[in-house]
Structure formats: C-alpha cells, structure tokens
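First the structure, in the form of structure tokens, and then the observations on it.
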Amino acid sequence: MVNDRSATQVLPYVPARRGGLVLTGAAAPVRCREIRNARPETVVVVDYGSHTRRTATTDAPFGMMSDQGWRHLDLAGLDEVLDGQRDNGASYSVTPTCFIPAADGAGSARVLAAATAQANRLRRQDMVLLLPCSWRWLRRSSVSILAEQIRACRHPVALVMQADGDPLERNQAAEGLRRLCRSCPRLVLWRTDLAAFDAMAHGALGAAVGGSAVLRHGVAPRPDNGGGGHKAYPVVLVRRLLRYHRVATLQDWFAHIAPWTCDCPVCRGAALTRFTDHKADTIAALQHSVCELYALHEELDATLVGDERTGWWRQQLADAWEYHRLLAAQTGTEVSFPKVLQAWRRQSPMALPRAQEQPGHDRAGPS
Ligand SMILES: [Zn+2]
C-alpha cells in the first residue's frame, strides 16, 4: 500500500502473480490507470482514505472528498463511485467508508451494521467493503459483533485497524484479530505491517502492508488528513527481527560491530545501516522493504493453508526471538522483544462461535 507518489518506484519489485498495489493519495485514480496500462496483469486498487477524514454515521457511512468539497454518498452515489474506480482500471472497487468508532454502546454497532447493510444492497461481484474500525472492536466484548457483520456481508471485507501507534499493542487486540481471521473466511487486512503475516497464517485472504509508517495502521479522522505527512528519516524492514526500524536505530546498534547486510535485489549484500535521509536512499529503503516483504510472502505462499502455514509462522517468530537475543549479546545493548511479537508467540485462540451457537441465540429455546 503506497501513496501515488511512490507507486512507480515500488512497482518493479511487485511480483506479477502474488503481488499488487493499493494506492492512496489525490492522484491515486490517475496512477491506477497508468499502472493498469503498463502492467495489465497486476492487481491494483484505490483507497480514497475517506476514513482518515470523516467519522461514519448510520445515515452516511460512505463519503469522499471531491473538487467541490466533502460529498456524502447515498446508494446510487456509492455505486457510481465504485464504477468510476473500475473505469480507471482498478482490479476491483473499494468502498469509501468513513471511520467506524469504538465499540462502546449500541451507537457504533449501528453504524457498522448500516455500512454492511448498504453494501449488501449492491449486487456487484467486483467490490470489497472497507471497514476502517477502532482497535477497540477487537476486544473480547466487541469482536463477535464485528465478526457477525463481516460474515453477514455478501462482499469480501478489508479491515483497517485504527489506533494512535500500533493497534496490536493494545490489550486483547492481537488475540481478537486472530479470532476474527479464523472466523471470517473472506477477510483482508489493510494498512498494516507484519500483522499481515499473522493474519494470513490464521486464515485471512490477503493483506496490504503500508509502504510508509502512516499507512501501517488506521488514523483518527481529521478533515485535513490526506496531505503530505512525508517523514524524511529512512525506515527499513529488518526481516530477521520481523519489524520495521529506523535506520538511526540500526546505526546505534551497529556502531561498533559489523552491521547486518541484506541480499535482496536492491541491497545486493550491502549493509542495512547505509540509508541516509536523501531522497534516493529513502526510495531504496522502501524498495528494500518491499523486496523483503515479498520474500517472506513467497515462503508463506509455499506452505499449505492450516497447520503447515501456522507452523511456518511460529518458526519465523522463534527465529526472530533468537535474532533479538543475538543482537543484544553482540551489541551489548538492550534490545527488547516487541510486545506484539510476544503476543504472536502465544497459542492461537479458537474461532468465534456463530450467533446461533451462542447461548441466548438458541432458536429452539431452553430444553
Ligand atoms: Zn535489502
């Protein structure tokens, strides 16, 4: 998932069969058309980012920014916008859903239900319902409501998790996401990081990892969101650690010992500490991260869905644990094992029961 400005830099490193691009930014529709023309086989879709600007209501779960300002979308308007995405060459259309706030009280549950109900009124075969939700929907008290709505949707659902910082560092969130992935067969995780792999290991159909930090989780809506927000300092995916790190952090770690190198097609054996904040380096850092993501995905893709895939992921996490220990020992510094990786090393939870299997929903009544 990249901003329209980065799309052409990333495209050469996106595998034709397994890869694809989700485009954001003002020029995303134009870029979508260009990529469709240049690479007819590549999956490319557009996320208008409406959820970064407005909060959804039961009356208006969908909307988007246009040249004339904010535009609420009724069903006909929504259908028209989805047609427009396809006209621009998008592989499938994505609903411009506004942000769905925390699952406290019945209000936000009604907003979620309104978004699903409206999407279900569209009998299209070419759309995905985007659900940009607060991380609080993943808590034990709420996740079954979210799962019911995703299962009730006639279209695949792309979930965005919003939080200040990493949503999966929040209490119960990592477990909730796993239960959701196990329970909803047509779920895709968007605007995420390495959680893509945990989700796919637990049954998610696919994922879109953000090319920049701001695209690696949902953000609270603000009317002026969607502008620049480019951070100059380079960040790289360190595959051994299953984690994005600032290059400055790597430079601190490897100040006195030989730095880790990378054999991806961009680095070709060069050190991960070499990236500066110059434009060419930030582009190369992004390209490196894309190569490493797809290298990891190639391994996941080679496993069978189920125990083999979760076993592969557990091994990646065990290796990452060892690399964190090794790094701490070699550098003599404190290298903490991230909370989210700890959460992923725990046993996988069961799938959520369906509504009719839950106590209180038994149609036959008490016997
Ligand atoms: Zn590399």
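Where a number appears in this text, it was derived from the coordinates with a stated rule and is not lab data. If you're wondering where the values come from, they're calculated on a predicted model, not measured in any experiment. In this analysis, Cβ positions are derived from the backbone assuming ideal geometry, glycine residues included, and neighbour counts consider all displayed protein chains.
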Packing-based ranking, highest mean first, of 235-245, 74-84 given that Cβ atoms within 10 Å are counted:
235-245, 74-84
Once you keep just the Cα pairs under 8 angstrom separated by 6 or more residues, what percentage relative contact order results for the chain?
14
Inter-probe distance in nm under a simple model that places probes 7 Å from Cα toward Cβ, at Gln315 and Arg36
4.1
What is the stretch 235-344 by shape, rounded, prolate or oblate, if you read a ≥ b ≥ c off the alpha carbon gyration tensor as root eigenvalues and call it rounded for a/c under 1.5, prolate for a/b larger than b/c, and oblate otherwise?
oblate
If I fit a long axis through the Cα atoms of helix 307-331 and take the longest principal axis of the Cα atoms of the chain, what angle between them do I get, 0 to 90°, rounded to 10?
40
Helical mean residue ellipticity (222 nm; -39500 (n - 2.57) per DSSP H run of 4+; nearest 500) of the chain
-11000 deg cm²/dmol
Sort the following peptides by mean Cβ neighbour count (other Cβ atoms within 10 Å, averaged over residues), highest first: 89-101, 274-286.
89-101, 274-286
Honestly the stretch 128-255 on the Cα gyration tensor test (a ≥ b ≥ c root eigenvalues; a/c under 1.5 rounded, otherwise a/b vs b/c for prolate or oblate) is just prolate
Sorted by packing (mean other beta-carbon atoms within 10 Å per residue), highest first, where do 148-158, 127-137 land?
127-137, 148-158
For the stretch 146-214, what is the relative contact order in percent, using Cα pairs closer than 8 Å and at least 6 residues apart in sequence?
31
Helix 143-152 sits at what angle to the longest principal axis of the chain, using alpha carbons and giving 0 to 90 degrees rounded to 10?
70
For the stretch 190-279, just list the percent of Cα-Cα distances falling in each 10 Å bin from zero outward, please.
14, 38, 32, 14, 1
P(r) over all Cα-Cα pairs of the stretch 7-95, 10 Å bins from 0 to the longest distance, whole percent per bin, short to long, reads 16, 47, 26, 10, 0
Find the Rg to Rh ratio for the chain, where Rh is the Kirkwood radius over alpha-carbon pairs and Rg uses the same atoms.
0.97
Can you give the relative contact order of the stretch 1-117 as a percent, counting alpha carbon pairs under 8 Å and 6+ residues apart?
25
State the percent of C-alpha pairs, over all pairs in the stretch 2-215, separated by a distance greater than 20 angstrom.
55
Simple Cβ-charge dipole of the chain, Lys/Arg +1 and Asp/Glu -1, about Cα centre, in debye nearest 20:
380
Could you state the angle between the C-alpha long axis of helix 106-120 and the longest principal axis of the C-alpha atoms of the chain, as a value from 0 to 90 degrees rounded to the nearest 10?
90
